[in-house]
Amino acid sequence: MKRALDGIKVLDMGGYIAAPYCCLMLADHGADVIRIEPPGGKVDRELGPFAPDGQSMTCGLSYQRNKKNITLNLRTDRGRQILDVLVRKTDILVHNSPKGTEEADVFDYERLSKVNPALIVVAVSGFGQTGPYAERPCFDVIAQAMSGIMSFTGYPGDPPLRPGLNFIDFNTGARAALGAMLALHERASSGVGQLVDVALFDVAFAMAAASGCASEYLVNGEIRKAVGNGGFYAYCCSVRVKDGYVVMNIVGNNMWRRMCHILGREDMITDPRFKDNLARYRNYQDVDGIIGAWAKDQTVAEVMAVLDRAGLPCGPVNDVPASLNVPQVAAREMLVELDYPESGTVPVPGVEIKLSRTPGRVARRASLLGEDNDAVYGDVLGYSGDDLKNFKEQKII
């Protein structure tokens, strides 16, 4: 079945999460993605968790599915020449080499655009290609911290807290994929590529600002504070029940009235402390106490049944094993099992974006390091077996 990006050729020069995740999204929808690593592999292969044979189940297997893999030493003149040959046959090149490094010079857009004027270069970085911090290193948690997100994550009075997931990395990867598609769409009319500049800090700051925290300070002089599992400007809680926790999010007065009926507390509908979303947000601890008393002697299933009947947004707080059993996971094919030569069966995430006519799919397992050298260098670039032997001897591939 046809996929949306069939025929688009991508070079994945990235490491860790954001850049490879960008290429993963393109590969899921049909792009021919070649991941290029140095002969010994990228350092992100050392990040766990690991399969039984020692392969990274994230950077080595999960993020690399649907991609080919070749090795190439870009610290050699011949290696850089071979890269340029590949670039002439490529639509999009994605990298995350920090500005000011030797690798970033190799991937410089001005240089590569002379090799292939139609090339789109997606540069994923910590702080972007411009500004006083352009050459500073950055990881997800640094962007979370500097953007203000950690300052209002956690419970009041506790130290700043990072979420348990690198959500800035994944969001940056998704935005990098969107940027690549915007540039590809524009190229259809202009015939010329361009640089797509996407930064972890920009994404983190934009997400924080989109939540209103910048505006509420600059306009109202109010600094966003941590509220635990409470919502921002609407009521939300994680309530303890007999066998776990249930999260509920009550937004708007219609939902609030239904919640008050469930609690048998119609007086709270007209109580000035709870008159609207903002009032309930400011007095969330009072609401927590009342809902907590109602729920504490019930099970997760019992509380969920009542809230579901009332049409209120709610869900159990699942651990990882329980999350795998949520019926939507199977119904939406959000976990796909792939067989690896030495690792055995490894589950990887399914395709997130569902297209009705040209759906993406998990078409192939991740290639092992250098597994596609012969196919790419021989079949695509036309190098002979003797050429490949010499490249290996000279440590070019």
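The values are calculated or read from the model by the stated rules, or taken from the named source; none is laboratory data. These figures come from a predicted structure and were not determined experimentally. Ideal geometry is used to build each Cβ from the backbone, glycine not excepted, and the neighbour counts take in all protein chains shown. Keep in mind that these areas ignore ligands, DNA and RNA; they rest on the heavy atoms of the full protein, side chains included. Shrake-Rupley method; radii C 1.70, N 1.55, O 1.52, S 1.80 Å.
Segment 170-277 holds strands (runs of 3 or more DSSP E) entirely within its bounds, and those carrying 1 or more residues that are touching a residue at least 40 places away in the same chain (Cβ under 8 Å) and under 18 Å from G289 (Cα atoms) map to 235-241, 244-250. Screening Y340 with (1) open to solvent by less than 40 Å² (accessible area, probe 1.4 Å); (2) at pLDDT 95 or above gives one miss only, at (2). Restricting attention to segment 352-380, the residues that are acidic (D, E), touching a residue at least 12 places away in the same chain (Cβ under 8 Å) and under 30 Å from I396 (Cβ atoms) total 3. Among the residues of segment 372-397, those that are under 12 Å from L72 (Cα atoms) and not hydroxyl-bearing (S, T, Y) comprise D372, N373, V376, L388, F391, K392, Q394, K395, I396, I397.
Can you say whether T270 is farther than 17 Å from N253 by Cα and of a type outside the set (F, W, Y), as far as the supplied structure shows? No. The residues of segment 343-397 that are open to solvent by 20 Å² or more (accessible area, probe 1.4 Å), within 21 Å of E37 (Cα to Cα), of a type outside the set (A, V, I, L, M, F, W, C) and under 25 Å from the mean Cα position of the chain (by Cα), listed by number, are R364, R365.
Taking each residue of segment 29-48 that is of a type in the set (A, V, I, L, M, F, W, C) and looking for partners that are open to solvent by 40 Å² or more (accessible area, probe 1.4 Å) and assigned to a strand (DSSP E or B) with beta-carbon atoms closer than 6 Å, six or more apart or interchain, yields I34/K68. Checking each residue in segment 7-36 for being part of a strand (DSSP E or B) and of a type in the set (D, E) picks out D12, D32. Given the criteria in contact with a Gly (Cβ under 7 Å, 6 or more places away or on another chain) and modelled with pLDDT of 95 or more, does V317 qualify? Yes; evaluated as a whole, the condition is true for this residue.
Candidates V351, V346: the one that is closer than 22 Å to H29 by Cβ and at pLDDT below 95 is V346. Among the residues of segment 303-313, is there at least one that is at negative phi, open to solvent by 60 Å² or more (accessible area, probe 1.4 Å), free of Cβ contacts under 8 Å to residues at least 12 places away in the same chain and not hydrophobic (A, V, I, L, M, F, W, C)? For segment 303-313, residues at negative phi, open to solvent by 60 Å² or more (accessible area, probe 1.4 Å), free of Cβ contacts under 8 Å to residues at least 12 places away in the same chain and not hydrophobic (A, V, I, L, M, F, W, C): present. Selection of first residues in segment 1-25 that are more than 18 Å from V362 (Cβ to Cβ) and of second residues that are at pLDDT below 95 and open to solvent by less than 10 Å² (accessible area, probe 1.4 Å), restricted to Cβ pairs under 6 Å at least 6 apart or on distinct chains, gives the following pairs, ordered by first then second residue: G15/D44; Y16/D44. Can you work out which of the residues in segment 202-249 that are of a type in the set (D, E) and surrounded by 14 or more Cβ atoms within 10 Å (Cβ to Cβ) is farthest from I168 (Cα to Cα)? Ranking the qualifying residues of segment 202-249, first place goes to E216.
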